[in-house]
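The values are calculated or read from the model by the stated rules, or taken from the named source; none is laboratory data. Just so it is clear, the model here is predicted, and its values are computed rather than measured. A quick note on method: Cβ atoms are made from the backbone with ideal geometry, for glycine too, and the neighbour counts reach across all protein chains shown.
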Amino acid sequence: MRRPLSRRSRRRGPRGRAHTAAGGADGGIQAQGGHISAEARINERIRSPEVRLVGPKGEQIGIVSINDALKLAQEADLDLVEVAPTARPPVAKLMDYGKFKYEAAVKARESRKNQTQTIVKEIKLRPKIDPHDYGTKKGHVERFLKAGDKVKVTIMFRGREQSRPELGFRLLQRLAGDVEELGFVESQPKQDGRNMIMVIGPHKKKSEAKAHAGQSHSKSVPSPRPAAPAAQGDGAPTAAPELAASEPAAEGATVPGPA
């Protein structure tokens, strides 16, 4: 035997069913809706009955019906492209849409090529680093700064070294002074747990560093070998090749003796 519903359950039941039905309807609508295309509508895909037409050279033609605009596009062997769909009426332009998309893709590719991404390199040091090791680490920092990259310098403290953070601070200040011609302190030294961190930024941007590296490489290319000396004039006598000493004399020929 089923237990009868309470008054409270009977009151909330229909509302819950209605809410569930609404949610199912919304879910169905969202499931049926497809991806909104960001590509412009062209030619017969334009749904507005009239458009504000712009000529292929940017001249304003005015508000015309969609049929007249399509007719003008067909006569000019161009496409009718909706460039401002949110305007009232929408703005359409006569253009070669294939050529327009190709030029836009080329511009986007060139802009991505010219973009430079700054990379943060990291160098780790110890407070009591050996002078030779310090010189090696400093050379790495200089190389990174010349390439236009930022450098994150980390001082690692161990054991009792944690009670003397001034050692790491002095080492970071020394390194910043040694490379001040190539970079500047972008982030001052700060304690981060057992480590002390400082960030050095380059004076030159990465694009400028690449351009400078390309120029230095072109200058270092060796010049071609010098050309062979010019041949002697037609009137100048040419020296006859000497006979080899080991070549025997011809029969009947007299060999001159010493003078």
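State whether the residues of the stretch 163-179 include one that is part of a loop (DSSP other than H, G, I, E, B), among the aliphatic types (A, V, I, L, M) and surrounded by 18 or more Cβ atoms within 10 Å (Cβ to Cβ). Yes. Apart from one condition, Lys128 fits all of (1) without any contact (Cβ under 8 Å) to a residue 40 or more places away in the chain; (2) in the same structural domain as Ser48 (by TED's automatic domain parsing); the exception is (2).
Please determine whether any residue of the stretch 97-112 is in contact (Cβ under 8 Å) with a residue 24 or more places away in the chain, surrounded by 14 or more Cβ atoms within 10 Å (Cβ to Cβ) and under 26 Å from Val51 (Cβ atoms). Scanning the stretch 97-112, I find at least one residue that is in contact (Cβ under 8 Å) with a residue 24 or more places away in the chain, surrounded by 14 or more Cβ atoms within 10 Å (Cβ to Cβ) and under 26 Å from Val51 (Cβ atoms), so the answer is yes.
Condition check ((1) at pLDDT 95 or above; (2) part of a helix (DSSP H, G or I); (3) acidic (Asp, Glu); (4) out of contact with any Leu (no Cβ under 7 Å at 6 or more places or on another chain)) across all residues:
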residue	(1), (2), (3), (4)
Thr116	no, no, no, yes
Ile123	no, no, no, yes
Lys128	no, no, no, yes
Glu142	no, yes, yes, no
Gly148	no, no, no, yes
Arg160	no, yes, no, yes
